[in-house]
Amino acid sequence: MKYYALAIDGPAGAGKSTVAKMLAARLHYTYIDTGAMYRATTYKALKLKVDITNPDSFQFLEDTEMTFVDGVLFMDGLDVTQKIRTNQVSNNVSIVASHIPVRNKLVEIQQSISHTTNVVMDGRDIGTVVLPHADLKIYMTATVEERARRRHEENLSIGIESNYESLMKEIQRRDKIDSSRAYNPLKQAQDAIYLDTSSLDIEEVADKIYLLFQLIIDRKDETHGTI
Ligand code: DC
């Protein structure tokens, strides 16, 4: 059975997760927030007090269960939504996400989910590494000011303490680490559609991607039906 995949990549706060959630709901696909998986790994590493600068400290991932239920990540059976959005996790996630064993393990989980269900997946390396054969790839970005503003509102809406100025600094720092790391950095896939959402209404963006994706899927379904 062939499952469909929509890949959305881009820097922090570009609107990926909002758009991805909307699209997954409309398409009845599973939404996979891969950033949440790197955050959950960071949270668990901090809790276990392992040395997060050492790539070999993440053996615990072998016995860690990560599952998505309605777009919400459960780690070892617990909803970790709030725990993975703290400043402590945000400030340490880029270093954790730069380690090869961490990336390989999480990519393996992400790919295995895509073999069992239709997915809308967002992250940094989805179009380039995780789902190189995705049916549609979007690379979404926006100015750093707009991205910080969106993250700030998102944090407030889920009841997390937030400061615009420090968010802006954190985003700039993470952008730098995420796009300059040696292994699987944040970058646009060659066949991805580039979208600057700075001055766009997020709902409009979701509508456009939805229509485009439907066109692609309908054409594929027709082709498969006539062969
Ligand atoms: O999307 P986010 O801000 O929740 O992601 C948290 C961090 O995880 C981000 O700084 C980079 C990393 N990440 C990654 O390296 N690869 C992904 N596919 C998703 C996130």
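The values are calculated or read from the model by the stated rules, or taken from the named source; none is laboratory data. Just so you know, these numbers come straight off a predicted model, no measurement behind them. Cβ sites come from the backbone with ideal geometry, for glycine too, and all protein chains shown count toward neighbours. The area values use the complete protein model at the heavy-atom level, side chains included, leaving out ligands, DNA and RNA. Shrake-Rupley method; radii C 1.70, N 1.55, O 1.52, S 1.80 Å.
Okay, here's what the table says:
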{"quantity": "Considering residues of the range 88-139 that are closer than 12 Å to ALA189 by Cβ and more than 14 Å from the chain's Cα centre (by Cα) only, the residue most open to solvent (accessible area, probe 1.4 Å)", "calculated": "HIS133"}
{"quantity": "Answer from ASP178, ASP191 - the residue that is under 14 Å from ALA7 (Cα atoms) and in contact with a Lys or Arg (Cβ under 9 Å, 6 or more places away or on another chain)", "calculated": "ASP191"}
{"quantity": "Pair list, Cβ < 6 Å and 6+ apart or interchain, from the range 111-124 residues that are under 13 Å from ALA20 (Cβ atoms) and in contact (Cβ under 8 Å) with a residue 60 or more places away in the chain to residues that are in a strand (DSSP E or B) and among the aromatic types (Phe, Trp, Tyr)", "calculated": "VAL120/TYR31"}
{"quantity": "Filtered residues of the range 160-177 (kept if under 18 Å from ARG39 (Cα atoms) and not in a helix (DSSP H, G or I))", "calculated": "ILE160, GLU161, SER162"}
{"quantity": "Test: LYS21 is away from the ligand (no atom under 14 Å from the Cβ) and either open to solvent by 20 Å² or more (accessible area, probe 1.4 Å) or touching a Phe, Trp or Tyr at 6+ places or on another chain (Cβ under 7 Å) (or both)", "calculated": "no"}
{"quantity": "Test for ASP178: is it away from the ligand (no atom under 14 Å from the Cβ) and in contact with a helix residue (DSSP H, G or I) (Cβ under 7 Å, 6 or more places away or on another chain)", "calculated": "no"}
{"quantity": "Search result, residues across the range 24-43 that are hydroxyl-bearing (Ser, Thr, Tyr) and more than 10 Å from the ligand (Cβ to nearest atom)", "calculated": "TYR29, THR30, TYR31, TYR43"}
{"quantity": "Yes/no for GLU146 being on the phi < 0 side of the Ramachandran plot, more than 14 Å from the ligand (Cβ to nearest atom), in a helix (DSSP H, G or I) and of a type outside the set (A, V, I, L, M)", "calculated": "yes"}
{"quantity": "Residue match in the range 124-136 (condition: part of a helix (DSSP H, G or I) and away from the ligand (no atom under 16 Å from the Cβ))", "calculated": "no"}
{"quantity": "Lone unmet requirement of (1) on the phi > 0 side of the Ramachandran plot; (2) surrounded by fewer than 18 Cβ atoms within 10 Å (Cβ to Cβ) for THR81", "calculated": "(1)"}
{"quantity": "Where a residue in the range 153-179 is open to solvent by less than 70 Å² (accessible area, probe 1.4 Å) and its partner, wherever it lies, is of a type in the set (Ser, Thr, Tyr) and away from the ligand (no atom under 11 Å from the Cβ), with Cβ under 7 Å and at least six apart", "calculated": "ASN155/SER162"}
{"quantity": "Qualifying residue in the range 187-201 (condition: within 27 Å of LYS83 (Cβ to Cβ) and either among the charged types (D, E, K, R) or touching a Pro at 6+ places or on another chain (Cβ under 7 Å) (or both))", "calculated": "no"}
{"quantity": "Condition check for LYS187: more than 9 Å from the ligand (Cβ to nearest atom), part of a loop (DSSP other than H, G, I, E, B) and basic (Lys, Arg)", "calculated": "yes"}
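Yes/no matrix, rows are residues, columns are (1) modelled with pLDDT under 95; (2) within 16 Å of the ligand (Cβ to nearest atom); (3) of a type in the set (Phe, Trp, Tyr):
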site	(1), (2), (3)
TYR4	no, no, yes
ASP9	no, yes, no
LYS16	yes, yes, no
LEU46	no, yes, no
VAL50	no, no, no
PHE58	no, yes, yes
ASP63	no, no, no
VAL69	yes, no, no
ARG85	yes, yes, no
